[in-house]
Amino acid sequence: MRRRLATILPLSGWVALRRLVLIGVALPFVFLLFGLTGEESEHWRQVRSHMLPTYIWETAVTVGGSVTLAALIGISLAWCVALHAFPGRRAFEVILLLPLAIPAYISAYTYDGLLGYTGAIQAALRNHLRIDVNDYGFSAPRMANAIFIFAIAYYPYIYIFARTYLRNHGASMLESAMLLGGVRGRIFFRVILPLLRPSLIAGGTLVCLEVLNDYGVTSYFGIHTFTTAIFAAWFGMGETASAVKLALLLLAAVLAILLASKALQRVGRYHLASGKEKGCRPRKLEGLGAAGAFFLCFSAAAVCFLIPAAQMLAWARMVWDASIIASLLPDFWKTLFVAGGASLMIMALASASAVACHAYPGRLSKLAAQAASIGYAIPAAVLAIGAVTLFARIDGMIVRFAVGFLRVPLGMTVWLLLYAYVVRFFSIGYQAVEGGYLKIGNLRSEVSRVLGRGPTMTFLLVELPMLRNAIISGSILVFVDIIKELPLTLILRPFNFNTLGTRAYEFANNEAIPETSLPALAIVAISAAFVALMQLRNERSETSC
Amino acid sequence: MLKNLDGPFLRVERLSFRYTGSTPLILRDFSLAMEEGEMVGMAGASGCGKTTLLRLIAGLERPLGGTIEIDGWTVVDAERFVPPEKRRVGMLFQDYGLFPHLTVAGNIAFGLHRLPRPERKRCVAEMLELIRMPELARRYPYELSGGQQQRVALARALAPRPKLLLLDEPFSNLDADLRESIRDEARQIISSSGTTCLLVSHDKDDLAAVCGRIISQ
């Protein structure tokens, strides 16, 4: 039975704040609709009749291919690591998550540089074996390139869901299936794969959303997805009306994916009869089996993390010199500054919303929380256009009504960028706080209320100290995501404002691939350091409790 | 505030409740009256709404209908709902709910925020004396045994001198041999503080050992 704190007055500061957050998150999408103009521009007519089929086709192929390949990699690795014991398994469990620290656009630059004409592989073939790859007319199709990069960058989403599920339930399922006389290979397809469906859908949806959001990889390989089309219309031709229409179409596609994912999760969901299943001992592999498992995991780790990392290090050594470092340093600090500022704001707003939800529960507050959490699913290009439209309106009002120093326009300042970060990453922070609330339960908040403390003091004195770890973990997740962010920053950054991500993008755009390694390594190092910090904190808090 | 000084100390009338959704009614037209200083026990199988009744009196749930009056003060009726922090009711929860980040003294002092600092200190010291744990004031809850945790929770509930103390299965988490001694202790502590108290338990022995009057639902 769900217990909850009783409601008091219908309106309090917390509830008002939560409503403000909800409005703030929803506004860009409302203003997107204002961008719709009645008449059809010539440009849009052109796009609709000539380009739209291409956009749809290339977006669908890229998304479909990436999800399929990511699922293949993610599930086979999860199956290997979760259910079998072989040398190096523990290390692989962690290493196989590391690709999340490398933004996909960085992998794209790195692999393209590595495999390109001047890259290490072709150069070695030419110089030592006198083989010129071009003689064989070899070149991968552009979409295959992008699919490969997306799959190695985002398979961890599927891997992590599948691994957790298999570790908790897989071994016992496997044992009973074998006792019933199944053959191992058949069991995988008949028992394990159907059970993995929820993890596959959850992880696959995230991969879909990431690919739809991407600009760095698709623009680099010249693929016509909706996001690149929105960029082209907005930046390239200044056709705002077309950009808005494309954005609305993309938004519709995303909502369709979310609804389909919800529906698929609901149909044929398996409930495990007993919740008490603990993972059984994984099957010990020996000889050829162990070697095979090791080889599979090692090659995945090599392709997805070690090779790009090694290539970046090699390039960094090559291009390292004082002047380029000096030119990167201000961007390094700016990146930390905006990411830090936005994560602080997000965690403060997320905590306030969570307090409102818990102290004043109700159907509406649950709905509001869900609605505010949708921001992350919306592609950055869509959000950016909505935010720009919104800020242009606000600036118009400021110019008309405000006086003196207040007449400073907000559009295309760092405030616009920070606002967009808050809208996009709010849900990550909110989910972290909400997870913390689930863990600590209601009992202590209720004790505090009965002892005469109102909701605010209860939050400050009881819930906040207990939520500390959840809030810190949430802010680290948000921080790392913002450091890696590219499309939103590209559209909304003020003139001459660079983050490490946009610097890497600019280097790559100027065909200076080796130079991308410097901002890229900085991003990877910051992400890895913070994720390691979080892991350490979590371990310590688990041992101390 | 309308005070009805002639009536009983706690008056619960025609109280009905269900949890959200279309679950069946947990309480239907339930009524109860208690005099000041009384220690009343309430028996009944688990799931019959005993805990819910305490949560309604404390203000942690809103009833579907009915009235609750404490010391002549209506805390719930059709128009009114006094939030838990204003009711001056103490509650000892089944799982204690000690604050893990506060010491024993910090836990006991938590509800004394309206007192000036010296008085607060004196009150905490008195309470520690009452539960015979003055030397453990600086310990954290996880450094205490189950029985000690229970006494700290009791002291914390009693410290703000609530008008009414509610006890929800207070002894069910204790070992059998510990249970008897703690039960007696708790009765002494509560009766020496003179607090009116309502205890619910599925264990008739618990009720018989502590309460002056036993009703069953």
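The values are calculated or read from the model by the stated rules, or taken from the named source; none is laboratory data. All of these numbers come straight from a predicted model, not from anything done at the bench. With ideal geometry, Cβ positions are generated from the backbone for all residues, glycine too; neighbour counts draw on all protein chains shown. Keep in mind that these areas ignore ligands, DNA and RNA; they rest on the heavy atoms of the full protein, side chains included. Shrake-Rupley method; radii C 1.70, N 1.55, O 1.52, S 1.80 Å.
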Only Lys, Arg (+1) and Asp, Glu (-1) charged, at Cβ; the protein assembly as shown dipole about Cα centre in debye: 840 debye
Solution diffusion estimate, µm²/s, Stokes-Einstein, region A:42-305, Kirkwood Rh from C-alpha pairs, 25 °C, viscosity 0.890 mPa s: 118 µm²/s
Residues of region A:449-468 buried by at least 10 Å² on assembly (accessible area, 1.4 Å probe, chain alone as reference): A:Arg449, A:Val450, A:Leu451, A:Gly452, A:Arg453, A:Gly454, A:Leu461, A:Val462, A:Pro465, A:Met466
Surface share of carbon and sulfur [accessible, 1.4 angstrom probe, percent] for chain A: 68 percent
Descending Cα extents along the principal axes, region A:374-505, whole Å: 52, 40, 22
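With helices defined as uninterrupted DSSP H runs, which ones in chain A have an alpha carbon span along their own long axis of at least 30 Å and mean Kyte-Doolittle hydropathy of at least 0.0?
A:13-34, A:52-83, A:142-165, A:240-266, A:322-359, A:380-401, A:414-440, A:513-544
Please state, as a whole number in µm²/s, the translational diffusion coefficient that the Stokes-Einstein equation yields for the protein assembly as shown at 37 °C and 0.692 mPa s, with Rh defined as the Kirkwood radius across alpha carbon pairs. Don't jump to the answer; show the numbers that get you there.
Details: Rh = 30.2 Å.
After rounding, the answer is 109 µm²/s.
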Rounded D (µm²/s) - region B:10-216, Kirkwood Rh over Cα pairs, Stokes-Einstein at 20 °C, 1.002 mPa s: 122 µm²/s
At least 50 Å² of accessible area lost relative to the chain alone, listed for region B:81-100 with a 1.4 Å probe: B:Glu85, B:Phe93, B:Phe99
Heavy atoms of A:Arg19 accessible to a 1.4 Å probe, total area in Å² rounded to 10: 110 Å²
For region A:303-326 versus region A:174-238, the gap between their alpha-carbon centres in whole angstrom: 30 Å
Per-residue ³J(HN,Hα) for region B:118-132, Karplus 6.51 cos²θ - 1.76 cosθ + 1.60, θ = phi - 60°, Hz, x for Gly and Pro: x, 5, 4, 4, 5, 5, 4, 4, 4, 5, 4, 5, 4, 8, 6
Probe 1.4 Å, accessible area per residue of the protein assembly as shown, Å²: 47 Å²
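Shielding by partners for A:341-349, please: the mean number of other protein chain Cβ atoms within 10 Å of each residue's Cβ.
Taking the mean over all residues of the peptide, I get 0.
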Accessible surface of region B:10-216 [probe 1.4 Å, protein heavy atoms]: carbon and sulfur percent: 46 percent
Contact order relative to length of region A:42-305, as percent, for alpha carbon pairs under 8 angstrom and 6 or more apart: 34 percent
Chain B, relative contact order in percent, only Cα pairs under 8 angstrom and at least six apart counted: 28 percent
In the A-B interface, the accessible area buried, summed over both sides, Å² (probe 1.4 Å): 2500 Å²
Rounded to 5, the percent of DSSP beta bridges in the protein assembly as shown classed as antiparallel: 40 percent
Cross-link pairs B:Lys86/B:Lys121; A:Lys284/A:Lys439; B:Lys50/B:Lys86; A:Lys245/A:Lys334 - those with Cα-Cα distance over 29 Å: A:Lys284/A:Lys439; A:Lys245/A:Lys334
